[in-house]
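The values are calculated or read from the model by the stated rules, or taken from the named source; none is laboratory data. Predicted model, so just to flag it, every value in this text is computed and none were measured. All Cβ positions, even for glycine, are placed from backbone atoms using ideal geometry, and neighbour counts span all protein chains on display.
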Ligand SMILES: Nc1nc2c(ncn2[C@@H]2O[C@H](COP(=O)(O)OP(=O)(O)O)[C@@H](O)[C@H]2O)c(=O)[nH]1
Ligand SMILES: [Mg+2]
């Protein structure tokens, strides 16, 4: 039976052949596994790829497990947001500015060598930011791509003081495209094709305090203004930072919902965090599945409602709504 291999698979296989480190080999083996057509004719090949993956992973573990093959940051808070960008754009300084982190910032490239998660307080919740090493055609860590695929939202940090700003972004975007990651302006509704990711991305145009910045911002808007929402900021002066924090929250597409019991004040300290578009019933289920089953109706407080307005279980929730569920 013919295997009918696709160009994507052949490309991954070619890259696997050229790969020098086990990390790279593993990455391409995994890509081969996701791109290989799944039918009887490729059963043997699939098994062979899996065997090679297992062998590689085992070999790495034997080395003492110090050198991790894949990196993962456990999600915390209302969502995980990854920062990415060329060297010296100010990724780390931006993380330090909006969180309590004090990661190393340097005026030389590749100061950041590992991923660094930190929590950003936003009003009454916390959002996780993940700082990463730079992505540059001459050098980047392949595992950063894995982190980007996993994050809820990405922030692309551009350096307005750098005359190569457009080239740097183009290079980064094409590195990600090679890694089957497409950056998008909005969340896309359709299901992604296996092996490919689309990542909602905000463009932070940093270093607005530098003299040439305004000029570069105009150029940036001209070339990338349609592709991304652009947020001009400065970590030096704080310009645009609070609007940017708000935008991070808004773009996570989550809502905060507070619950109350009849006759008591709402619990404003501990919002439930749900995906936008969820209903009263989803909230009830989140609290306890019996509650979802037994609820008769709910009362709602919030913008557009009169206090305690009754709503049924299918009612969609909005950010900062207060809900009282009646069994
Ligand atoms: N003038 C100015 N310098 C900045 C700003 N943000 C970062 N920098 C500087 O740019 C350099 C690189 O910053 P860093 O956060 O290490 O960049 P990273 O490589 O992207 O993580 C450091 O010297 C920072 O102090 C900013 O808004 N304005
Ligand atoms: Mg850094």
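Looking at 202, 217, which is the one that is not in a strand (DSSP E or B) and not assigned by TED's automatic domain parsing to the domain that holds residue 35? Show your work before the answer.
Working: 202 fails: not in a strand (DSSP E or B).
Answer to the selection: 217.
Using the structure shown, decide if residue 140 is within 16 Å of ligand 2 (Cβ to nearest atom), surrounded by 13 or more Cβ atoms within 10 Å (Cβ to Cβ) and farther than 25 Å from residue 319 by Cβ. Let's see the steps before the verdict.
Numbers: within 16 Å of ligand 2 (Cβ to nearest atom): yes; surrounded by 13 or more Cβ atoms within 10 Å (Cβ to Cβ): yes; farther than 25 Å from residue 319 by Cβ: yes.
Answer is yes for this residue.
Within the stretch 178-194, which residues are assigned to a loop (DSSP other than H, G, I, E, B) and either within 22 Å of residue 250 (Cβ to Cβ) or without any contact (Cβ under 8 Å) to a residue 24 or more places away in the chain (or both)?
The initial filter retains those residues of the stretch 178-194 that are assigned to a loop (DSSP other than H, G, I, E, B), namely 179-180, 185-194.
Across the stretch 178-194, the qualifying residues are 185, 186, 187, 188, 189, 190, 191, 192, 193.
Among the residues of the stretch 86-94, is there at least one that is buried (at least 17 other Cβ atoms within 10 Å of the Cβ), more than 10 Å from ligand 1 (Cβ to nearest atom) and modelled with pLDDT under 95?
Step one: of the stretch 86-94, the residues buried (at least 17 other Cβ atoms within 10 Å of the Cβ) are 86-94.
Those left that are additionally more than 10 Å from ligand 1 (Cβ to nearest atom): none.
Taking every residue of the stretch 86-94 in turn, none turns out to be buried (at least 17 other Cβ atoms within 10 Å of the Cβ), more than 10 Å from ligand 1 (Cβ to nearest atom) and modelled with pLDDT under 95.
Within the stretch 95-122, can you find the residues that are at pLDDT 95 or above and out of contact with any strand residue (DSSP E or B) (no Cβ under 6 Å at 6 or more places or on another chain)? I'd like the intermediate steps shown before the answer.
The first filter runs over the stretch 95-122 and keeps only residues at pLDDT 95 or above, leaving 95-99, 118-122.
96, 97, 121, 122 - these are the residues of the stretch 95-122 that are at pLDDT 95 or above and out of contact with any strand residue (DSSP E or B) (no Cβ under 6 Å at 6 or more places or on another chain).
On the basis of being surrounded by fewer than 21 Cβ atoms within 10 Å (Cβ to Cβ) and within 13 Å of ligand 2 (Cβ to nearest atom), does residue 97 make the cut?
Working: surrounded by fewer than 21 Cβ atoms within 10 Å (Cβ to Cβ): yes; within 13 Å of ligand 2 (Cβ to nearest atom): yes.
Judged against the criteria, residue 97 is a match.
For every residue, the table says whether it meets (1) assigned by TED's automatic domain parsing to the domain that holds residue 126; (2) under 24 Å from residue 79 (Cα atoms); (3) without any contact (Cβ under 8 Å) to a residue 12 or more places away in the chain; (4) part of a strand (DSSP E or B).
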{"residue": "258", "(1), (2), (3), (4)": "no, yes, no, yes"}
{"residue": "262", "(1), (2), (3), (4)": "no, no, no, no"}
{"residue": "265", "(1), (2), (3), (4)": "no, no, yes, no"}
{"residue": "269", "(1), (2), (3), (4)": "no, yes, no, no"}
{"residue": "273", "(1), (2), (3), (4)": "no, yes, no, yes"}
{"residue": "283", "(1), (2), (3), (4)": "no, yes, no, no"}
{"residue": "291", "(1), (2), (3), (4)": "no, no, no, no"}
{"residue": "300", "(1), (2), (3), (4)": "no, no, no, yes"}
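Tell me yes or no: at least one residue of the stretch 127-143 is more than 27 Å from residue 258 (Cα to Cα), assigned to a helix (DSSP H, G or I), out of contact with any strand residue (DSSP E or B) (no Cβ under 7 Å at 6 or more places or on another chain) and more than 12 Å from ligand 1 (Cβ to nearest atom). Talk me through it step by step, then tell me what you get.
The first filter runs over the stretch 127-143 and keeps only residues more than 27 Å from residue 258 (Cα to Cα), leaving 130-143.
Of the ones still in play, those that are also assigned to a helix (DSSP H, G or I) are 143.
Going one step further and asking which of them are out of contact with any strand residue (DSSP E or B) (no Cβ under 7 Å at 6 or more places or on another chain), we end up with 143.
With more than 12 Å from ligand 1 (Cβ to nearest atom) added as a condition, the list becomes 143.
The answer is yes; a qualifying residue exists.
Of all residues in the stretch 238-256, which are within 15 Å of ligand 1 (Cβ to nearest atom), under 24 Å from residue 319 (Cβ atoms) and assigned to a loop (DSSP other than H, G, I, E, B)?
Listed by number, the list holds a single entry, 240.
Checking residue 235 against (1) touching a strand residue (DSSP E or B) at 6+ places or on another chain (Cβ under 6 Å); (2) within 16 Å of ligand 1 (Cβ to nearest atom); (3) in contact (Cβ under 8 Å) with a residue 40 or more places away in the chain, which test does it fail?
Only one criterion in (1) touching a strand residue (DSSP E or B) at 6+ places or on another chain (Cβ under 6 Å); (2) within 16 Å of ligand 1 (Cβ to nearest atom); (3) in contact (Cβ under 8 Å) with a residue 40 or more places away in the chain is unmet by residue 235, namely (1).
Based on what the data block shows, is residue 113 surrounded by fewer than 18 Cβ atoms within 10 Å (Cβ to Cβ) and either outside any strand (DSSP E or B) or within 12 Å of ligand 1 (Cβ to nearest atom) (or both)? Don't jump to the end; show me each part of the working.
Working: surrounded by fewer than 18 Cβ atoms within 10 Å (Cβ to Cβ): yes; either outside any strand (DSSP E or B) or within 12 Å of ligand 1 (Cβ to nearest atom) (or both): yes.
Yes, satisfied.
What number of residues within the stretch 33-85 are in contact with a helix residue (DSSP H, G or I) (Cβ under 6 Å, 6 or more places away or on another chain), at pLDDT 85 or above and over 26 Å from residue 133 (Cα atoms)?
Count: 4.
Within the stretch 30-47, track down each residue that is farther than 21 Å from residue 71 by Cβ and either in contact (Cβ under 8 Å) with a residue 40 or more places away in the chain or surrounded by 13 or more Cβ atoms within 10 Å (Cβ to Cβ) (or both).
Initially, the stretch 30-47 is screened for residues farther than 21 Å from residue 71 by Cβ, giving 35-47.
Matches in the stretch 30-47: 35, 36, 37, 41, 42, 45, 46.
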